[in-house]
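Comments concern the structure below.
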Amino acid sequence: VYPIFAQSSMAELGTDIHKAAAFLKQGNPVAIPTETVYGLAANALDEKAVRKIYEVKNRPLHNPLILHLSGKEELDKYVNDIPTVAHQLIEHFWPGPLTLLLQKKETVPEIITHGMPRVAVRVPNHPLTLELLKNLSFPLAAPSANPSGYISPTQAEHVQQQIGTKIPYILDGGNCTQGIESTIVGFDNNEVIIYRLGAVSMEEIENITGDVSFYIRDENTPQAPGMLLKHYSPRTPFYLTEDYLLTIKNMEEKKIGLLLFKQPKINLNITQQEVLSVNGNLKEAASNLYAAMHRLDAANLDVIIAEKFPDDGIGKAINDRLERAAVR
Ligand code: TXA
Ligand code: MG
């Protein structure tokens with residue numbers, strides 16, 4: 001078996017799904033592209049292989065993992081009691097960036113769910129990864145391929161920079177088209193509960209199912225231990241503000257990086273500026289978000305200031321990520 005920490009070289013970057021499959025079959029983790037962010041994948045049915053994901057990411061062991069399937073036909077192998085409304089969502093959004101929390105079967109190893117009665121499942125929508133999954137006889141467990149707590153990767157190069165010395169292979173699928181993690185939903189009978197905002201907006205779900213509600217965090221129940229408050233965080237001090245002009249004014253002596261939705265109307269005298277969508281398109285902004293955060297964090301700034309986004313559509317998910325990035 002590939003020695004993950006004895007590796008002196010960087011991961012190989014390529015588009016060979018058979019090579020990726022070979023590493024996975026040997027029990028090694030491989031980074032895979034999805035439409036949302038890159039995942040750090042391992043054979044979900046091999047406990048030792050899954051354990052390596054936690055080691056590479058330095059992820060707390062109680063934080064459960066999403067099961068990535070090759071298609072909805074695989075679902076019955078791993079879950080029970082699928083509500084009608086879940087079937088509707090599957091028909092609409094799979095393959096795609098929607099993760100469902102469903103009653104797990106015995107076939108799902110303990111290391112995936114850590115004592116929870118439900119397992120998170122999705123079918124990712126990326127041609128290379130779908131082809132890879134169809135070549136495997138097991139599903140892939142895959143969290144985002146970043147060190148725990150850090151900004152998620154949306155390009156193979158981000159993975160290479162963050163964990164490249166710890167894994168043998170990165171399947172390079174180019175830039176992730178959505179750029180923000182999957183939306184996670186659970187069910188109370190036939191009611192939809194959103195656990196994590198993501199690439200599928202609340203409005204898109206409500207168009208299919210009618211009103212949804214939000215999971216309310218309760219620190220006393222281990223329902224969703226991974227929905228950690230501090231998350232997606234750059235190493236540079238990060239502030240989220242409603243009025244970036246005012247915030248900049250209060251930090252005059254500093255080397256400032258600015259993360260903006262649209263092109264500002266005036267020329268600002270700051271060190272580095274990232275505009276996520278010149279024309280103010282939220283979907284485009286989401287797809288550019290993490291790459292811009294990676295660039296800002298690599299620019300040796302004293303501080304990064306992000307503006308609050310419009311709170312509708314995918315803007316809600318962007319604000320969620322920015323809020324968590326700003327938690328100290
Ligand atoms: O878009 C995505 O979902 C990406 C790509 C790679 O598929 N994956 C991803 O995984 O974002 P991760 O591990 O970074 O985030 C998944 C979240 C975590 O907060 C985890 O705690 C939660 O889902 N989760 C996983 N299984 C769960 C379960 N059985 N019950 C409650 N929460 C769960
Ligand atoms: Mg993550």
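The values are calculated or read from the model by the stated rules, or taken from the named source; none is laboratory data. Note that the coordinates shown come from a computational prediction; the quantities given were computed from them, not determined experimentally. A quick note on method: Cβ atoms are made from the backbone with ideal geometry, for glycine too, and the neighbour counts reach across all protein chains shown.
General remarks:
- Residues that are within 27 Å of LEU75 (Cα to Cα), surrounded by fewer than 20 Cβ atoms within 10 Å (Cβ to Cβ) and without any contact (Cβ under 8 Å) to a residue 60 or more places away in the chain do not occur anywhere in the range 168-177.
- The range 231-261, subset acidic (Asp, Glu) and closer than 23 Å to PRO310 by Cβ, residue surrounded by the most Cβ atoms within 10 Å (Cβ to Cβ): ASP243
- LEU301, sole failed condition from (1) part of a strand (DSSP E or B); (2) touching a Gly at 6+ places or on another chain (Cβ under 6 Å): (1)
- Boolean, GLU91 is of a type in the set (Asp, Glu), modelled with pLDDT of 95 or more and under 30 Å from ARG321 (Cα atoms): yes
- For PHE138, the test of being over 17 Å from HIS68 (Cβ atoms) and of a type in the set (A, V, I, L, M, F, W, C) is failed.
- Looking across the range 1-29, the residues that are over 16 Å from GLU157 (Cβ atoms), out of contact with any Lys or Arg (no Cβ under 8 Å at 6 or more places or on another chain) and either in a strand (DSSP E or B) or at pLDDT 95 or above (or both) come down to ASP16, ILE17, HIS18, LYS19, ALA20, ALA21, ALA22, PHE23, LEU24, LYS25, GLN26.
- Matching residues in the range 297-319 - criterion: being surrounded by fewer than 16 Cβ atoms within 10 Å (Cβ to Cβ), charged (D, E, K, R) and touching a residue at least 24 places away in the same chain (Cβ under 8 Å): ASP302, ASP312
- Tabulated pairs, the range 33-52, first closer than 14 Å to TYR169 by Cβ, second modelled with pLDDT under 95 and more than 15 Å from ligand 2 (Cβ to nearest atom), C-beta under 7 angstrom, 6+ apart or interchain: LYS52/ILE4
- Across the range 271-282, the number of residues qualifying as crowded, with 17+ Cβ neighbours inside 10 Å and either assigned to a loop (DSSP other than H, G, I, E, B) or under 16 Å from the mean Cα position of the chain (by Cα) (or both) comes to 2.
- Pairs linking a residue in the range 130-145 that is within 18 Å of VAL159 (Cβ to Cβ) to a residue that is assigned to a helix (DSSP H, G or I) and more than 13 Å from ligand 2 (Cβ to nearest atom), with Cβ atoms under 6 Å and 6 or more positions apart or on different chains, are LEU132/ILE17; LEU132/ALA20; ALA141/VAL50; ALA141/ILE112.
- Flag for ASP81 being without any contact (Cβ under 8 Å) to a residue 60 or more places away in the chain, over 19 Å from GLN162 (Cα atoms) and not small (Gly, Ala, Ser): yes
- Close pairs (6 angstrom Cβ cut-off, 6 or more residues apart or separate chains): within 16 Å of ligand 2 (Cβ to nearest atom) in the range 181-204, in a strand (DSSP E or B) and among the polar types (S, T, N, Q) anywhere: SER182/THR99; ILE184/THR99; GLY198/THR183
- Picking from residues in the range 127-146 that are over 14 Å from LEU24 (Cα atoms) and of a type in the set (A, V, I, L, M, F, W, C), the one that is surrounded by the most Cβ atoms within 10 Å (Cβ to Cβ) is ALA145.
- Screening LEU260 against (1) within 16 Å of ligand 1 (Cβ to nearest atom); (2) modelled with pLDDT of 95 or more leaves a single unmet condition, (1).
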